[in-house]
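Here's the structure we're looking at; comments come further down.
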Ligand SMILES: [Fe+2]
């Protein structure tokens, strides 16, 4: 049986990908950010997951303004890095796990989550930056990836509660996959940031850390945070944090903290990172 | 997180009109609602077209002529030519789409973002290094107006 053995939360700021690609991750600006991922890189190397269900959002790369899936799951065999206007990042292609992805897609639909299925797409920094943060610069990514793209751009975006419930359904789906697989789920994006308008640059260390606290233990209070609270407290793009709730929901009733990191700033954004495991 | 419904594990009732009204109560912010997405559809699709190198080249060769190929209002064309991003947000542009124009211009994302604030790029960068903009006083237009009125009364 496949199992979800851990959950990872991480920001996915594009500039972090630039730092990795240009070898700047030790400098004064980026050093303190990357230091907080060293623990996780060792842990990933030791725990060796087979598959990562990677919850992220597309930033007008694979999807334009025409088609806006609320929840989309990548069921293909491989994905290329998207050209976001500067040429594609020089990272390895992302290998999918089509068997698991199709199993999850079917299970979710039967479980009343009406997923959009994607066979071919390019994946942008939302997906490749977390891979770089967790694995560095390997010739080939050490895991297969099931991309799960969430609309957090066009309103209304899904509620925190819906995201949490989707996570719960993903856990059930994974546990009914017959093959023995060590599966992690990653929730990416956030933390506080606003990239638009005169209020751009908003950061909120205190609120972000309360959010991280809320992911640990047996409380499910975070699923009820309304959109407006994310927007007022953490900036318009802070709403990306609802994607972390899919990860949290998939870890079951209670979690244990393995690692945590927070740093301000990276470009316009507060960097948050957490590693959790389910408590059975 | 202080929400009372939260601690009781209840699903809060939601009214779409109240929901949308609240989205417009944030100072200095244009939430990308369905109404804005409809209004700005071709602005965003134009911006998206700049992901292709041949389109970028044609746009750069004659910006006005390239824009004239699109079903975009005169006001929006002017805002695009002027790189007036706050105006473009009002006209339904979204930053993730508009960022294709930042990158066509070779402008780093954060620097382009700073043009929407009342700061210069070095000032903005320094604000971020100093911990960013505080949420204090930036949460609600209504609350700010009420506080200002109360203040006036007190004086
Ligand atoms: Fe993002």
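Of the helices (runs of 4 or more DSSP H) lying entirely inside the stretch B:45-155, those containing at least 2 residues that are out of contact with any strand residue (DSSP E or B) (no Cβ under 9 Å at 6 or more places or on another chain) and away from every other protein chain (no Cβ under 13 Å) span B:53-61, B:63-67, B:74-82, B:141-154.
Regarding residue A:145, is this residue under 16 Å from the mean Cα position of the chain (by Cα) and assigned to a loop (DSSP other than H, G, I, E, B)? Against the criterion (under 16 Å from the mean Cα position of the chain (by Cα) and assigned to a loop (DSSP other than H, G, I, E, B)), residue A:145 does not qualify.
Of all residues in the stretch A:223-236, those satisfying the criterion of being facing another protein chain (nearest Cβ under 7 Å), touching a residue at least 12 places away in the same chain (Cβ under 8 Å) and in contact with a helix residue (DSSP H, G or I) (Cβ under 6 Å, 6 or more places away or on another chain) are A:224, A:225, A:233. Residues in the stretch B:28-40 that are surrounded by fewer than 16 Cβ atoms within 10 Å (Cβ to Cβ) and at the interface with chain A (Cβ under 7 Å from one of its Cβ atoms): B:34 alone.
Can you work out which of the residues in the stretch A:202-249 that are assigned to a loop (DSSP other than H, G, I, E, B) and away from the ligand (no atom under 16 Å from the Cβ) is surrounded by the fewest Cβ atoms within 10 Å (Cβ to Cβ)? Filtering first and then ranking leaves A:218. With respect to (1) over 19 Å from residue A:72 (Cβ atoms); (2) away from the ligand (no atom under 16 Å from the Cβ); (3) part of a loop (DSSP other than H, G, I, E, B); (4) touching a helix residue (DSSP H, G or I) at 6+ places or on another chain (Cβ under 8 Å), the lone exception for residue A:264 is condition (3).
Only one entry of A:68, A:104 meets the criterion of being away from the ligand (no atom under 16 Å from the Cβ) and farther than 26 Å from residue A:208 by Cα, and that entry is A:104. Among residues of the stretch A:252-274 that are at positive phi, those with a Cβ under 9 angstrom from a residue that is in a loop (DSSP other than H, G, I, E, B), sequence gap 6+ or separate chain, pair up as A:252/A:279; A:252/A:280; A:267/A:13; A:267/B:108.
Quick note: the coordinates plus some simple rules give every number you see, no bench work behind them. Only a predicted model underlies this, so the values are computations on that prediction, with no experimental measurement involved. Backbone-built Cβ (ideal geometry, glycine too); neighbour counts: all protein chains shown.
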